Amino acid sequence: MSTITADPTLLLVLSQMKEATEIKDAAGNVVGVYTPKTLTVDDVRKMFDLDKARERLAREGHQGRPFKEIQKRMRAMEAAEKRKKSGKKVSRTIKA
């Protein structure tokens, strides 16, 4: 199993998830599933269909993005949110 170290921004988002949650890109493509620590292995197995996942992978192929690209986008989103909260006008669109 691979490991990703979550920065504070990602931890904040993930801490709000109480059940298995699909993670999608801006185009609506599933890039993964986050499972909170509170779920058991049996809970996860009930939600996951390996055959369906294999079919989806064969159909859609690899559509992932480098983690550094995801971090860059999240930092931009965080900066836009801070500007919004401070009352400053957000002047650009954040793209994936």
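Condition first: touching a residue at least 12 places away in the same chain (Cβ under 8 Å) and aliphatic (A, V, I, L, M). Can you find one or more residues in the stretch 83-93 that meet it? The answer is no, given that none of the residues of the stretch 83-93 is touching a residue at least 12 places away in the same chain (Cβ under 8 Å) and aliphatic (A, V, I, L, M). Within the option set 3, 40, 9, 21, being more than 18 Å from the chain's Cα centre (by Cα) and among the polar types (S, T, N, Q) holds for one residue only, 40.
Quick one: is residue 93 in a loop (DSSP other than H, G, I, E, B), at pLDDT 85 or above and exposed (fewer than 12 other Cβ atoms within 10 Å of the Cβ)?
Values: in a loop (DSSP other than H, G, I, E, B): yes; at pLDDT 85 or above: no; exposed (fewer than 12 other Cβ atoms within 10 Å of the Cβ): yes.
So residue 93 fails the test.
In the stretch 46-90, of all residues being assigned to a loop (DSSP other than H, G, I, E, B) and of a type in the set (Lys, Arg), the one that is modelled with the highest pLDDT corresponds to 65. Taking each residue of the stretch 7-23 that is under 17 Å from residue 68 (Cα atoms) and looking for partners that are among the small types (Gly, Ala, Ser) and not in a helix (DSSP H, G or I) with beta-carbon atoms closer than 8 Å, six or more apart or interchain, yields 23/32. Across the stretch 32-57, the number of residues qualifying as closer than 16 Å to residue 70 by Cβ and surrounded by 13 or more Cβ atoms within 10 Å (Cβ to Cβ) comes to 2.
Each residue in the stretch 24-37 was checked for being within 11 Å of the chain's Cα centre (by Cα) and charged (D, E, K, R), and 2 pass.
The values are calculated or read from the model by the stated rules, or taken from the named source; none is laboratory data. Source: prediction; values computed, not measured. Positions of Cβ are backbone-derived with ideal geometry, glycine not excepted, and every protein chain shown enters the neighbour counts.
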